[in-house]
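Worksheet: the structure to be examined is printed underneath.
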Amino acid sequence: MQTGFAVRGFLWWACGLATACSMATFARAGNMWIWLDDNNRRVLSDRPPPATVPPQRIVRSPSLRSLPDSPEPDASTQGAPSTPADIRTDNCERAQASLAQLQSGARLLMRNEQGQPVPMDAAMVRAERARLRQIIRDNCRQ
């Protein structure tokens with residue numbers, strides 16, 4: 001009877017030790033760098049990749065827990081106009097849409113300095129209408 005208890009106690013101790021070791025390993029893995037080399041193989045290291053590795057090939061860094069395997073296009077450049085003519089066209093379309101919404105008579109809200117929504121009064125609507133018309137004059141030339 002005593003032997004069985006000692007074996008079970010040892011097994012519990014061994015399981016606890018294995019759990020602690022695996023948890024330490026996983027905690028250490030959180031500080032690992034993972035990047036793709038020139039042959040598309042994953043490289044794991046506790047040091048950052050060489051400067052020759054482009055940022056889009058870094059899969060994981062200690063500060064950025066996990067990056068996607070395939071880099072997503074930057075949201076700021078995705079669908080953004082690239083030439084001055086495209087920028088003017090985009091500004092024109094946005095101003096025309098905003099002016100149409102402003103003239104629809106719907107109740108509109110603006111944000112004040114504290115970030116709270118405030119209903120637009122008649123003076124605010126006039127000022128915004130004048131600003132949008134100026135943008136349309138500047139950008140909607142044919």
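Structure notes:
- Whole-number Å³ per residue for the convex hull built on Cα positions in region 92-141: 78
- Phi to ³J(HN,Hα) by Karplus 6.51 cos²θ - 1.76 cosθ + 1.60 over region 107-120, Hz, x for Gly, Pro: 6, 10, 10, 10, 9, 8, 4, 8, x, 8, x, 10, x, 6
- Accessible area of region 81-122 divided out per residue, in Å², using a probe of 1.4 angstrom: 76
The values are calculated or read from the model by the stated rules, or taken from the named source; none is laboratory data. Bear in mind that the values here come from a model prediction, so they are computed numbers and not experimental data. With ligands, DNA and RNA removed, areas are computed over all heavy atoms of the protein, side chains included. Shrake-Rupley method; radii C 1.70, N 1.55, O 1.52, S 1.80 Å.
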